[in-house]
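The values are calculated or read from the model by the stated rules, or taken from the named source; none is laboratory data. Owing to the predicted nature of the structure, the values given are computational and were not obtained by experimental measurement. All Cβ positions, glycine included, derive from the backbone under ideal geometry; neighbour counts span all protein chains shown.
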Amino acid sequence: MSGEGGIEDIELLRRMLARERSAREQAETLLENKSRDLYAALSRLQGMVGELDTARRQAERHSAAKGLFLADLSHELRTPLNAVIGYAEMIAEDARGDQVIEDARRIMVAGRGLLALINNVLDYSKAESGKLELALQPVEVPAVMEESIAIAVPMVMENRSVVHTKVEPGLGTVTSDPVRLRQVLLNLLSNAAKHTMGGMITVQASRLGVDGYRIEVVDTGRGMDRSQLDRLFEPFQPVRREEDLRFASTGLGMSITRQIVLMLGGRIAVQSVVGQGTTVTVDLPIDGPVQRRSA
């Protein structure tokens, strides 16, 4: 009995060792297969990373090329366009007939509108690539307002509207970029002029507390509903009415305006009621953007 029991124990041990060997071989096979799968996945991942890196470099080259193209195109377009506007101004000053003066004025309105469009496209490209720069210096806000309104007056008159200004006494000198501040005002005035027919546009500037000032452009025009307000600052999302194609645009003006206001350390807000008009409020720091003052 004891001999038979010993043989059974040996046989049981042999079977256990066989099962262990089989399990180990299966585990080794599974591990080898998983290792091959992992290696293959890693190789695919490395290939994807390489492709993405190549695509990124291509995108950067395309972006740089696009920026250079837009800069060159902008220069090539602005040079003759400024000449056209200049000659139209000369014709309007020297003309004797009412029709000639009116035609020259229309050329100026269209030319300035096109010039603003070109500038917005170029500035959007610069902002997208982080190359939109500020040149901060002392600025007299009333002077910038007068210059902007003088440029925008023909657009306002085109729709038989009028412009009024209100400047709080003692506003004083602020730190800003006069070119960019003028661009903000021109974009706001252009929008107001475009959507105000036979109405009034008011541009007003006032102190805002101790260290800020506020510029408002208020019009009595068509106004906007909530859906239009929601996409007002989105690039390439023009606020337009399908039934009236006169108001179509690239949708870049307000997007650029918002970016410039933020760069100047300020904020912009819009309130509007359909059929009653729109108020755009720009609040800016008197001493310029904080990050640039501390730099």
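Every residue, every condition in (1) modelled with pLDDT under 90; (2) over 30 Å from residue 104 (Cβ atoms), yes or no:
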{"site": "132", "(1), (2)": "yes, yes"}
{"site": "168", "(1), (2)": "no, yes"}
{"site": "185", "(1), (2)": "no, no"}
{"site": "220", "(1), (2)": "no, no"}
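Do any strands (runs of 3 or more DSSP E) entirely within region 123-197 hold 1 or more residues that are small (Gly, Ala, Ser), and if so, which? Walk me through it before giving the result.
Details: elements: 137-140, 162-167, 173-176.
Once the strands (runs of 3 or more DSSP E) in region 123-197 are filtered for at least 1 residues that are small (Gly, Ala, Ser), what remains is 173-176.
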* State which residue is farthest from residue 192 (Cα to Cα) when the search covers only region 255-279 and only residues that are of a type in the set (A, V, I, L, M, F, W, C) and part of a helix (DSSP H, G or I). => 263
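Would you say residue 108 is exposed (fewer than 12 other Cβ atoms within 10 Å of the Cβ) and either modelled with pLDDT of 75 or more or hydrophobic (A, V, I, L, M, F, W, C) (or both)?
On the way: exposed (fewer than 12 other Cβ atoms within 10 Å of the Cβ): no; either modelled with pLDDT of 75 or more or hydrophobic (A, V, I, L, M, F, W, C) (or both): yes.
Spelling it out, it is not the case that residue 108 is exposed (fewer than 12 other Cβ atoms within 10 Å of the Cβ) and either modelled with pLDDT of 75 or more or hydrophobic (A, V, I, L, M, F, W, C) (or both).
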* Structure fact -> Restricted to region 166-209 and to residues being within 21 Å of residue 220 (Cβ to Cβ) and more than 27 Å from the chain's Cα centre (by Cα), the residue surrounded by the fewest Cβ atoms within 10 Å (Cβ to Cβ) is 198
* Structure fact -> Residue hits (region 135-150; among the β-branched types (Val, Ile, Thr) and either over 17 Å from residue 219 (Cα atoms) or not assigned by TED's automatic domain parsing to the domain that holds residue 201 (or both)) are 139, 141, 144
